[in-house]
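Inspection log for the structure reproduced underneath, given as structure tokens.
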Amino acid sequence: MKEVNTLRDKLISVATQLINQEGLANFSWRAVAKAAGVSHGAPSRHFADKSVLLEGVAARGFVQLKDVCVQARKRFPDDPRAQLRAACRGYLDYALVHPSVIHLLAGGVLPWPAVGEELRAAGQAAFISLMEIIEQGQTKGVFRLDKIGETPDPEAAINMSYAAWCTIHGLALFASAGPL
């Protein structure tokens, strides 16, 4: 993860810490400013409102989840099964450490049709990183929807990736909220 070097980055880091400690229900603009050691108006110079700050937190969360997938691919370069297990385990570990952030990513807190480009791009990059694991597994014949010898379904990678993405998001929500 990049070093925090701007006030915007610092505000996102502080907001993430507060969300992890206090939860989303208790999240406030003033608390972020106070914890960051800036005036209560300072965040408005970087974020239009509280929801845009939350988008920044969510975008950083997606970047970290993308990094989990990238690290899994590096750790097990020739083993898509191990990559997928490591990526899913890393995602769940992240969810347990950052439960409220996971709820920002997958819990319907942010209005997805209206989110900004930073969050949309970060979410897409995280998904693509997971899909690359699935695609590698398909290339190696490990993850298949078709029968051996049949022509592979060109949409199989995206369909499997959606299934994996939804499954891990659901497990993360359950794990981070306590039911599991």
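Key figures
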quantity: Cα centroid of the stretch 70-110 to Cα centroid of the stretch 112-144, whole Å; calculated: 12 Å
quantity: Heavy-atom accessible surface of the chain: percent carbon and sulfur, 1.4 Å; calculated: 56 percent
quantity: Nonlocal Lys pairs with alpha-carbon distance under 16 Å, the chain (8 or more apart, or different chains); calculated: 6
quantity: Span-like helix ranges in the chain, DSSP H, alpha carbon extent 18 angstrom or more, Kyte mean at least 1.0; calculated: 156-177
quantity: Linear extension gain, Asp67 paired with Val109, 0.36 nm per residue minus alpha-carbon span; calculated: 12.8 nm
quantity: Nitroxide proxy distance, nm - points 7 Å out along Cα→Cβ at Arg75 and Leu96; calculated: 1.3 nm
quantity: The chain: projected area of the alpha-carbon convex hull, averaged over directions, in nm²; calculated: 11.3 nm²
quantity: Charge-dipole axis of the stretch 65-129 as Lys and Arg at +1 and Asp and Glu at -1 on Cβ define it, positive-most pick from Gly123, Val68, Pro111; calculated: Val68
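The values are calculated or read from the model by the stated rules, or taken from the named source; none is laboratory data. Bear in mind the structure is a predicted one, so any value in this text is a computation, not a measurement. A quick note on method: Cβ atoms are made from the backbone with ideal geometry, for glycine too, and the neighbour counts reach across all protein chains shown. These accessible areas exclude ligands, DNA and RNA; they are computed on the full protein's heavy atoms, side chains included. Shrake-Rupley method; radii C 1.70, N 1.55, O 1.52, S 1.80 Å.
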